[in-house]
């Protein structure tokens with residue numbers, strides 16, 4: 001058995017073909033189900049731990065998102081097989097579910113569910129992998145387990161049909177009905193969805209790139225139905241292989257009425273946001289953000305399992321915006337998923353990135369400006385000189401005069417080579433070269449030199465500027481060193 005598990009583990013870690021991976025995952029799950037009944041302690045439990053590690057790698061790093069969804073289902077099937085309580089619960093629910101016709105309900109004793117609602121939802125999610133979906137409603141005599149969907153008159157559908165008339169509607173069908181939400185626990189089917197998009201919004205739509213219809217995202221109809229609670233806003237929980245999605249409506253009744261009105265009038269728009277594709281002009285989290293704008297709280301919670309089994313897939317978490325992104329434990333996985341994913345940047349993301357770059361540039365310029373002012377306050381005397389020729393020679397004469405008086409100084413010359421003179425108090429003046437990229441002078445050269453002069457503790461800074469007239473030079477000097485300058489114009493035409 002261990003040899004077989006080694007082969008499977010090698011396939012799960014090295015194989016990249018989607019069909020081979022899906023076949024291997026199904027073979028692993030079916031074998032684990034057989035071993036769980038025949039040799040649970042000796043064979044199944046040791047192999048299950050090994051297989052879960054390999055399935056977790058596929059779930060988090062497979063290039064095909066459809067394979068990731070299938071790996072999540074396989075991971076959940078094996079994890080529940082390890083739980084004896086879950087295995088016993090499934091054996092009780094299997095015959096009960098078979099006797100419930102689609103659209104009807106059966107009663108589940110409260111002792112089977114009470115105190116372990118999450119485990120009950122997870123077991124049903126495994127059963128809904130290839131069956132109808134389920135809805136659970138708590139009652140006075142236990143729980144009602146609805147199988148499949150039920151349809152009834154919906155105001156949003158009537159409004160949508162009124163504003164979207166079409167001559168090709170079938171007259172034998174009602175065009176004012178929609179899905180009915182019966183309880184606060186939803187276990188959607190993993191296979192029942194539209195293969196081709198119809199004109200009815202809000203229906204589960206198969207997304208080819210993911211191999212499913214994203215059941216972990218609540219449908220707009222479910223969000224609208226959750227607003228109809230009159231007493232208090234109870235959370236609606238959706239159980240899937242990817243985790244538990246918690247949808248909490250607004251607490252205020254007035255806020256719920258306002259959200260219901262906006263959802264009803266813009267139902268098709270919210271449906272389009274949910275059916276996000278790589279060609280959409282919105283980020284993946286636009287749908288959940290739109291629900292949050294209505295006052296909903298939407299959160300994807302991983303099941304209580306050790307990492308990496310209990311960690312949601314980054315390709316799923318991208319649909320749920322983090323409250324504080326950098327405090328999220330999986331923020332690095334999200335960054336990696338974003339930069340290495342196949343979908344491109346939207347206009348929103350481009351604008352956000354451009355804004356961050358612009359803010360970073362402005363903050364850096366402000367920092368440099370404050371640094372220049374700080375350097376200027378440390379310089380008691382700054383003398384600038386400008387002219388046609390002879391600037392460097394005059395700057396050297398200034399340096400010699402102040403050196404003779406024993407002052408520390410920095411003097412910038414702009415002759416044949418860019419360099420500056422530096423001298424400590426009562427010390428000897430030394431020449432030091434300045435680096436100029438591509439041998440071109442920029443205004444930042446003056447900023448760096450002034451900062452260096454301030455850090456050296458110099459008492460005087462002498463600079464020679466060229467290529468500008470007196471008016472422009474005065475303006476530059478006033479902006480850079482904030483006044484207190486001694487200006488003179490040099491008419492010297494030679495060294």
Determine, yes or no, whether residue 66 is surrounded by 19 or more Cβ atoms within 10 Å (Cβ to Cβ), in a helix (DSSP H, G or I) and touching a helix residue (DSSP H, G or I) at 6+ places or on another chain (Cβ under 8 Å).
no
Inspect all residues belonging to region 357-376 and state whether any of them is touching a strand residue (DSSP E or B) at 6+ places or on another chain (Cβ under 6 Å) and not assigned by TED's automatic domain parsing to the domain that holds residue 282.
no
Among the candidates 300, 294, 219, residue that is more than 25 Å from residue 134 (Cα to Cα), crowded, with 16+ Cβ neighbours inside 10 Å and touching a residue at least 40 places away in the same chain (Cβ under 8 Å)
294
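Of the residues 194, 161, 210, which is without any contact (Cβ under 8 Å) to a residue 40 or more places away in the chain and surrounded by 15 or more Cβ atoms within 10 Å (Cβ to Cβ)? Can you show your working first?
Values: 194 fails: surrounded by 15 or more Cβ atoms within 10 Å (Cβ to Cβ); 210 fails: without any contact (Cβ under 8 Å) to a residue 40 or more places away in the chain.
Step by step, each of 194, 161, 210 is checked, and only 161 is without any contact (Cβ under 8 Å) to a residue 40 or more places away in the chain and surrounded by 15 or more Cβ atoms within 10 Å (Cβ to Cβ).
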Could you tell me whether residue 116 is over 19 Å from residue 244 (Cα atoms) and either outside the structural domain of residue 190 (by TED's automatic domain parsing) or in contact with a strand residue (DSSP E or B) (Cβ under 9 Å, 6 or more places away or on another chain) (or both)?
no
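Within region 405-414, count every residue that is more than 54 Å from the chain's Cα centre (by Cα) and crowded, with 16+ Cβ neighbours inside 10 Å.
From region 405-414, those more than 54 Å from the chain's Cα centre (by Cα) are 405-408; that's our starting set.
Adding the requirement that they be crowded, with 16+ Cβ neighbours inside 10 Å leaves 407-408.
Of the residues in that region, 2 qualify.
Hand me the list of helices (runs of 4 or more DSSP H) wholly inside region 379-481 holding 3 or more residues that are at pLDDT 75 or above. Steps first, answer last, please.
Numbers: elements: 391-404, 443-455, 470-481.
Counting at least 3 such residues, we get 391-404, 443-455.
Name the single residue, out of those in region 253-274 being in contact (Cβ under 8 Å) with a residue 40 or more places away in the chain and more than 15 Å from residue 159 (Cβ to Cβ), that is surrounded by the fewest Cβ atoms within 10 Å (Cβ to Cβ). Give the steps one after another, and end with the answer.
First, pick out the residues of region 253-274 that are in contact (Cβ under 8 Å) with a residue 40 or more places away in the chain: 255, 263-265, 267-268, 270-272, 274.
Keeping just the survivors that are more than 15 Å from residue 159 (Cβ to Cβ) gives 255, 272, 274.
Details: 255: 15, 272: 17, 274: 24.
Top of the filtered list is 255.
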Taking residue 71 as meeting all but one of (1) crowded, with 16+ Cβ neighbours inside 10 Å; (2) closer than 26 Å to residue 40 by Cα; (3) not assigned by TED's automatic domain parsing to the domain that holds residue 20, write down the number of the exception.
(3)
Extreme residue, surrounded by the fewest Cβ atoms within 10 Å (Cβ to Cβ), among residues of region 128-153 that are in a loop (DSSP other than H, G, I, E, B) and over 34 Å from the mean Cα position of the chain (by Cα)
140
Just to be sure I understand, how many residues within region 430-455 are crowded, with 16+ Cβ neighbours inside 10 Å and in contact with a strand residue (DSSP E or B) (Cβ under 9 Å, 6 or more places away or on another chain)?
8
If you go through 101, 90, the only one that is out of contact with any strand residue (DSSP E or B) (no Cβ under 8 Å at 6 or more places or on another chain) and at pLDDT 90 or above is 90
What are the pairs, 6+ residues apart or on separate chains, where a residue within region 102-121 that is in a helix (DSSP H, G or I) has its Cβ under 7 Å from a residue that is loosely packed, with under 12 Cβ neighbours inside 10 Å?
119/85
So residue 44, is it in a helix (DSSP H, G or I), buried (at least 22 other Cβ atoms within 10 Å of the Cβ) and not assigned by TED's automatic domain parsing to the domain that holds residue 9:
no
Looking at (1) farther than 26 Å from residue 166 by Cα; (2) surrounded by fewer than 20 Cβ atoms within 10 Å (Cβ to Cβ), find the lone condition where residue 226 falls short.
(2)
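The values are calculated or read from the model by the stated rules, or taken from the named source; none is laboratory data. Everything numeric in this text was worked out from a predicted model, so none of it was measured. Ideal geometry is used to build each Cβ from the backbone, glycine not excepted, and the neighbour counts take in all protein chains shown.
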